[in-house]
Amino acid sequence: MSAQPAPLPPPPAAPPPAETGEGLAAYLAAFARLAGDGRAAQAQDEQGRLTAPYPGMRSFSDSESGVFFGRRAPVEDLIRLLGQRQIIIVLGGSGSGKSSVVRAGLIPDLRLARAIPGRNGRWYVASFMPGRRPARELLDGLWRDLLASAPPATADKAVRVAGGAVPRDAARAEGPGADALREAFHAALTRDGRLDVAGVRRFASEALGEIDFEMNGRLRGGAPSLILLMDQFEEIFKPDVDPAERDDVLALLRDVFEAARRGEAQGFYIAVTLRSEELHRCAEHPALPTVVNSSFYLLELIGEEALRDAIVKPARIVFEDWTIPPPDAAPDAPVAPELVTTLLARSRDIRDGLDHRPDQLPLLQHALRLTWENAARRWSALPAGAPVRVELADLPPGGPATPAQPAYLKECLNEAAGAAFERAVAAYAAIARVPKAEDEARWVLRIVLVSMAQRDDRGNWVRRLLKGAEAARIAADAPGSKGQRRDRREALEAALDELVRHGYVAIRHAGQPFGEREFEVCHEALIRSWRLYGEWLKEAEAVTRALCQMVEAASGLDPSLLKPYPRTPAGLWAWLRARKELAARDVAPVATREQLGKVFCPAPLFGHGWLRDRVARELAARAAAGGG
């Protein structure tokens, strides 16, 4: 993932006058250094604190709790529910803010307030997203969040308590999170290649107690507690997930639920965020409906007053941190009241005009991030002593829509995402060193982005994880590409980094080699609202459908009719072009041939290898649906 802002401490009650505005000066100096290459959100003040108060389209992190506003009521509801149960499943539509409420609301509250009766010790947090290998991701999350940064001796002891066989010199391995200890940890919590559910529960009690004692000693206020966040849990139902690992993670959920009923598993809590659109998938797995029915919390859409807080209070916190007094006594200071009124009106318009209403929140946060960056550029040119605030004029351009028009927030996304795409194209072309590098960059990046989306079982577009190795194959499949694969991979990496910096793509496993990283669009609202992206998806879907129809129709033909052409998409297309029989017209009617002509031509819209894999996945999905 891209760098996340650090928490903002409360402002001093009475800052010395000499310090007034020093934080802003340091921030603007850093902003000027970083804004040119799209890293403005990483600008820091003089104490090294990241101070962009709006995350854009991504979720808030737990380190951003200081600028997370507008969701106090659901956070208090979740705290209350955790006093009654050990599993909570937060339901809401994509874009409703589930992850932010848990990460930036619930978790910091648990760490600071210890608000659960009887749980007075330190709260530990581990989180993961299921991905393709949910059991592996769960263990990686436990290791990363609880042991990787612990002293090697502490991690060594915790792994031994969990039942791991630790190599003799593992505790002396260089740096925290040594490979030997990590592998021993994984081995301790698996049995015959499967997740050891009882072992995970044992780790959450016995091994966590050892960690807590080693790190806090006599300062402990009571037994520690662990909350395990299973974020974006709907991923576990996707077709490319390892089925055994899916079953193991679901078994852990059921096990902790039943143990809590028996009064066991004390101190082990699980928080799940789940898209309400995927709730029906839970009914496909035995005993899971019982867990869901006893544990869910439906997150309501954010109201207008809470939206006002989400607009105004993050900026106010930063200004207070910089010891800048408000320029006036207006209740919305340091945000101009006309800016607040405009954003609230456009948010209301976009909510009422969208098929997917929760998208109002990510679209608003996207505009707020760009507005903040524009304000920072303007502040840099202000004369000394001029009032500093966030103005209506700082709003980003919305293409054909002005801030007074209902479609403004959506058009703002289209304008900014298109500009970021072009910057990614330029980054690719600067490294690729091939003829017509910008044309190739657009070809590659279009297919890469299309590969980050897929239809769910209800026909809606959702995120899809794209492995770096798969993205590299797309680049290698570019028309006319021969050799220079390393240049293309490095060019693609630079282009994706550009999209990450601008907040439209996110990375998982960022520390791994490029081929092992996983890329995804930052939010499904990008898929739903960026028109150019939608056009690419429709185009790819039409071509894929035509190829699937051709392959399925040809499967019923007498093989002798196809000789000497192989029964592959490319082979069948060559046969269609060479033959004029009625059978050929039956396999590919005119409308289908028009789509196929976009592929099997001197300048194809899509690579043949990419389409081959896509058609194979589509045909497998159809077969599975037919069998169900």
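Worth pointing out:
- Taking all protein chains as shown and a probe of 1.4 angstrom, residue 366 keeps an accessible surface of around 10 Å².
- For the chain, the Cβ-based charge dipole about the Cα centre amounts to some 1340 debye (Lys, Arg positive; Asp, Glu negative; other atoms uncharged).
- Segments 94-105, 61-72 sorted - mean Cβ within 10 Å per residue, highest first: 94-105, 61-72
- Scaled against 2.2 N^0.38 Å for its residue count N, the alpha carbon radius of gyration of the chain is 1.05.
- Packing-based ranking, highest mean first, of 512-521, 231-240 given that Cβ atoms within 10 Å are counted: 231-240, 512-521
- Within segment 522-557: backbone nitrogen closer than 14 Å to the residue 612 label point (7 Å, Cα to C-beta): none
- Built amide H within the under 5 Å cut-off of residue 90, gap 5+: 272, 273, 274, 297
- With the helix formula -39500 (n - 2.57) applied to DSSP H stretches of n ≥ 4, the chain reaches a computed 222 nm mean residue ellipticity of -15000 deg cm²/dmol.
- Sequence-separation-based contact order of segment 211-343, relative, with Cα cut under 8 Å and 6+ spacing, percent: 21 percent
- Burial order of peptide ranges 529-537, 85-93 (average beta-carbon count within 10 Å, highest first): 85-93, 529-537
- Here's the picture: a label point sits 7 Å out from the Cα of residue 262 along the beta-carbon direction, and within segment 192-227 the residues with their amide nitrogen under 17 Å of it are 196-206.
- Over all other residues within a Cβ to Cβ distance under 10 Å of residue 198, the charged ones net out to +1, with Lys and Arg as +1 and Asp and Glu as -1.
- Taking every alpha-carbon pair under 8 Å whose residues sit at least 6 apart, segment 443-517 reaches a relative contact order of 28 percent.
- For segment 515-601, accessible area per residue (1.4 Å probe, heavy atoms of protein chains only), Å²: 47 Å²
- Computed lengthening from residue 621 to residue 382, 0.36 nm per intervening residue step minus Cα-Cα distance: 80.2 nm
- From the alpha carbon centroid of segment 488-520 to that of segment 366-437 is 21 Å.
- Beyond 23 Å in Cα-Cα separation lie the following of the pairs 410/538; 98/313; 238/538; 157/467; 410/436; 436/538: 157/467; 410/436; 436/538.
- Residues of segment 386-437: accessible area per residue with a 1.4 Å probe, Å²: 43 Å²
- Backbone N within segment 90-118 under 16 Å of label point (7 Å from residue 305 Cα along the Cβ vector): none
- Here the chain exposes an accessible surface that is 53 percent carbon and sulfur, computed with a 1.4 Å probe and the other protein chains kept in place.
The values are calculated or read from the model by the stated rules, or taken from the named source; none is laboratory data. Quantities reported herein were computed from a predicted structural model and do not represent experimental measurements. Glycine gets a Cβ as well: all are built from the backbone with ideal geometry, and neighbour counts include every protein chain shown. Surface accessibility is based on the protein's heavy atoms, side chains included, excluding ligands, DNA and RNA. Shrake-Rupley method; radii C 1.70, N 1.55, O 1.52, S 1.80 Å.
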